[in-house]
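The values are calculated or read from the model by the stated rules, or taken from the named source; none is laboratory data. Computed from a prediction, not measured in an experiment: that's the story for all the values here. With ideal geometry, Cβ positions are generated from the backbone for all residues, glycine too; neighbour counts draw on all protein chains shown. Each accessible area value is taken on the protein alone, full model and side chains, heavy atoms only, with ligands, DNA and RNA left out. Shrake-Rupley method; radii C 1.70, N 1.55, O 1.52, S 1.80 Å.
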Amino acid sequence: MAAKKNDPKREARIAKNNRSLNSALTLFTAGFIAEFYLLLINQYFVKGTIDQVVAVSYFLDAMVWVGAALVGAGVVFTVMRGKWTRFAALGRWLLGLGVFFTLSSQLMRKIYPAGTTAMCILVPVLMLLSVVFLLYQREFAVQTSALTLTIASAVLLNHGSASMPALVTVFCWIAMALVAALLVLTVMLQKHEGSYKGTVIFPAKVNYTLTCAVLVLSIAAIAVSLFAGLAYYVIWGAAVLLFVLAVWYTVKML
């Protein structure tokens with residue numbers, strides 16, 4: 001029996017899926033290490049003794065400068081990636097590490113202890129969103145981002161509005177603006193069949209109606225949480241919807 005001819009399109013699709021899987025595993029590992037680092041900071045900076053808090057405070061001050069140095073090195077490697085081809089990927093990693101150490105250290109030092117708690121929550125959320133973006137359909141990544149912002153806004157309103165009312169309100173307005181921007185971009189992409197300047201963002205047969213409905217619902221849910229005091233119910237409603245969508249898109253991938 002003659003061997004079947006290789007299908008170039010199938011091989012290209014398999015190669016793309018393998019690259020996405022490798023990138024997702026790399027991001028997951030990086031997120032796990034970052035979360036372990038933040039939990040150590042939380043243990044000794046928030047829950048530690050006075051001596052431990054002071055020591056970690058000096059450590060975070062130093063990490064701000066370490067992060068700035070890493071950003072500088074990352075910029076150099078990124079600019080020189082054409083000549084230093086062996087270190088092309090190193091520039092992105094140095095930039096990422098530098099931004100992480102600088103911003104997280106500043107946040108944990110300036111906003112105590114809520115900054116450390118926020119970082120411990122933000123890192124795994126961003127990690128999971130990145131994994132969804134790499135492994136799932138693009139429209140599900142957009143829906144997940146909107147529902148994540150909805151849940152975050154509702155949680156803050158339900159638990160943090162008493163201690164930081166102004167900051168929580170600003171976050172909710174920013175969340176609504178971000179979801180609204182996603183809605184506008186989705187509508188624009190629909191008019192251009194999912195492409196932007198020749199780059200395919202959404203593949204063919206995307207359910208734009210469902211995506212736009214989730215985005216509109218997310219904006220309404222944040223507004224209801226902010227103005228009607230129904231944040232507790234929004235948390236559960238958005239979580240259930242996110243779970244249903246995750247199951248739906250997982251089944252579609254099989």
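What the table below lists for this structure:
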read-out: Residues of the stretch 174-195 classified as exposed (fewer than 14 other Cβ atoms within 10 Å of the Cβ) and free of Cβ contacts under 8 Å to residues at least 12 places away in the same chain, total; value: 9
read-out: Exclusive hit being in contact with a Cys (Cβ under 8 Å, 6 or more places away or on another chain) and in a helix (DSSP H, G or I), set 226, 242; value: 226
read-out: The stretch 151-209, subset among the aliphatic types (A, V, I, L, M) and either assigned to a strand (DSSP E or B) or in contact with an Asp or Glu (Cβ under 7 Å, 6 or more places away or on another chain) (or both), residue modelled with the lowest pLDDT; value: 200
read-out: Where a residue in the stretch 109-133 is among the small types (Gly, Ala, Ser) and its partner, wherever it lies, is in a helix (DSSP H, G or I) and surrounded by 15 or more Cβ atoms within 10 Å (Cβ to Cβ), with Cβ under 8 Å and at least six apart; value: 115/107; 115/108; 115/109; 118/107; 130/24; 130/27; 130/31
read-out: Whichever residue in the stretch 200-223 is open to solvent by less than 80 Å² (accessible area, probe 1.4 Å) and either among the hydroxyl-bearing types (Ser, Thr, Tyr) or on the phi > 0 side of the Ramachandran plot (or both) and, among such residues, is farthest from the chain's Cα centre (by Cα); value: 208
read-out: Matching residues, the stretch 99-108, being more than 17 Å from residue 127 (Cα to Cα) and open to solvent by less than 40 Å² (accessible area, probe 1.4 Å); value: 102, 105, 108
read-out: Test: residue in the stretch 217-231 that is under 30 Å from residue 14 (Cα atoms) and modelled with pLDDT under 90; value: no
read-out: Index of the failed condition, residue 234 passing every other in (1) under 19 Å from the mean Cα position of the chain (by Cα); (2) surrounded by 17 or more Cβ atoms within 10 Å (Cβ to Cβ); value: (1)
